[in-house]
Amino acid sequence: MTSVSVLASPSRYVQGKNAIAELGSHLKGLGTTPLLVADDIVWGLVESTLTEGFTTAGLAVTRVGFGRFATPASVDGLVDTIRSGGHDVIVGLGGGSAIDAAKAAGHLAGVRWASVPTAASSDAPTSALSVIYTEDGEFIEYRFFPRNPDLVLIDTQLVAGAPARFLIGGIGDALATWIEARATRRGTGTAMAGGRPTLAGTALAELSWDILWENALPALDAVRAKVVTPALEAVVEANTLLSGLGFESGGLAAAHAIHNGLTAAPQTHGLTHGEKVNIGSVTQLVLEGAPTDEIEAFIVFTTKVGLPNTLTEIGLTTGDLTELRAVAEAATVEGETIHNLPFPVTADQVVDALVAIEGLSRRVRAEHGLPEPVKYVAGH
């Protein structure tokens, strides 16, 4: 076990209403020939305002499209584009996979990189790592980089205009941050930054948790009305900056390992990252033997937010033991973050905990007059 603690963070974080208009001015200090990576939908949302800002900053607009996942092939393709076009900074615009692909390509090409999420759907933008998937969305690996993004910029008006499900997913991802960071702190594991958790990283993880419990529901009201409010600003910061710093310098544990395992189950395809992470959070609480009141409060809260906390809601059942075994085996492979828990964990224990959350969550929801789970059907 290392005795060194590490805190990692982006060089600059910018957040606010209509912040996309200022992207050019912030990039001007990083390079002169940026490459923008965005899918057609995202580009349709930002092109006009972004182009105006780039013109003011004296920067040319060069954009390439992006598919659904950050795959090895998509990363290599971006590296080729960077080199052939002489670009000195790459910008990932949109969702987590576009941003992850841009980070990975920027590292391989030796240029600077920036993250510009258009929804607060995960804490990936601030980190010095990328999650790489197959073309079908199955987890392959984490890729770690020696530095974090040079810039993270998020426009809260774009967040307000995005589907509420994106913000819900980000809340699920961020809620896991404190659950995992405190477990890592109690154990002997390392954070994603490469050392023991810092006190700052752990504290930021807890701050993210506190902000979400106070502001998540009114922030979702704001997104459904497509307006920016203080509650939405707070949740965007919690989802993006605080959770990003908290997971990277505080540590991941079972919630994200179980998410990675779930990507191997075809029934779960189409769910957001945060939706699958929330199943991991509930399962981790069961694995830890967390206080009953805490588990029940988490189930009530996440149900109100709109996050899944039963197998039914991710397309599985307690009878799908072959799939659950595959998920558990993947979640407990050597090197997975589940081993940051302060006790040994086996695949058998994970299967039992996954089975247990179905009845547990159904009971709690019934006792609090909350809706029964609705079965998720993946769109194959």
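The values are calculated or read from the model by the stated rules, or taken from the named source; none is laboratory data. Quick caveat: nothing in here was measured; it's all calculated off a predicted structure. A quick note on method: Cβ atoms are made from the backbone with ideal geometry, for glycine too, and the neighbour counts reach across all protein chains shown.
Within region 254-268, count every residue that is more than 14 Å from V333 (Cα to Cα) and touching a Leu at 6+ places or on another chain (Cβ under 7 Å).
Within region 254-268, residues that are more than 14 Å from V333 (Cα to Cα) and touching a Leu at 6+ places or on another chain (Cβ under 7 Å) number 3.
What are the pairs, 6+ residues apart or on separate chains, where a residue within region 239-263 that is closer than 25 Å to L354 by Cα has its Cβ under 7 Å from a residue that is basic (K, R) and surrounded by 24 or more Cβ atoms within 10 Å (Cβ to Cβ)?
Qualifying pairs under 7 Å: H259/K276; L262/K276.
Step by step: first the residues of region 196-253, then only those that are of a type in the set (G, A, S) and surrounded by fewer than 24 Cβ atoms within 10 Å (Cβ to Cβ), then the one that is nearest to the chain's Cα centre (by Cα). Which residue is that?
Filtering first and then ranking leaves A234.
Of everything in region 133-155 that's assigned to a strand (DSSP E or B) and touching a helix residue (DSSP H, G or I) at 6+ places or on another chain (Cβ under 7 Å), which residue is nearest to A21 (Cα to Cα)?
Among those that are assigned to a strand (DSSP E or B) and touching a helix residue (DSSP H, G or I) at 6+ places or on another chain (Cβ under 7 Å), it is D155.
V79: under 30 Å from G137 (Cβ atoms), of a type in the set (A, V, I, L, M) and modelled with pLDDT of 95 or more, yes or no?
So V79 fits the description; yes.
Being part of a helix (DSSP H, G or I), modelled with pLDDT of 95 or more and touching a helix residue (DSSP H, G or I) at 6+ places or on another chain (Cβ under 7 Å): is that true of L245 here?
yes
Going through region 133-170 one residue at a time, which ones are among the hydroxyl-bearing types (S, T, Y) and without any contact (Cβ under 8 Å) to a residue 60 or more places away in the chain?
Across region 133-170, the qualifying residue is only Y142.
Quick check on this structure: which one of Q284, Q267 is surrounded by fewer than 24 Cβ atoms within 10 Å (Cβ to Cβ) and touching a residue at least 12 places away in the same chain (Cβ under 8 Å)?
On inspection, the qualifying residue turns out to be Q267.
Can you pull out every residue in region 343-376 that is surrounded by 15 or more Cβ atoms within 10 Å (Cβ to Cβ) and assigned to a loop (DSSP other than H, G, I, E, B)?
V345, L370, P373, Y376
Here is a list: T292, T283. Which entry is more than 22 Å from the chain's Cα centre (by Cα) and among the polar types (S, T, N, Q)?
Going through T292, T283 in turn, just one is more than 22 Å from the chain's Cα centre (by Cα) and among the polar types (S, T, N, Q): T292.
If you take just the helices (runs of 4 or more DSSP H) that sit entirely in region 38-132, which of them hold at least 1 residues that are surrounded by fewer than 18 Cβ atoms within 10 Å (Cβ to Cβ) and free of Cβ contacts under 8 Å to residues at least 24 places away in the same chain?
Here the list reads 40-57, 72-85.
When you check A331 against the structure, is it farther than 30 Å from L220 by Cα, of a type in the set (G, A, S), touching a residue at least 40 places away in the same chain (Cβ under 8 Å) and surrounded by fewer than 22 Cβ atoms within 10 Å (Cβ to Cβ), yes or no?
So A331 fails the test.
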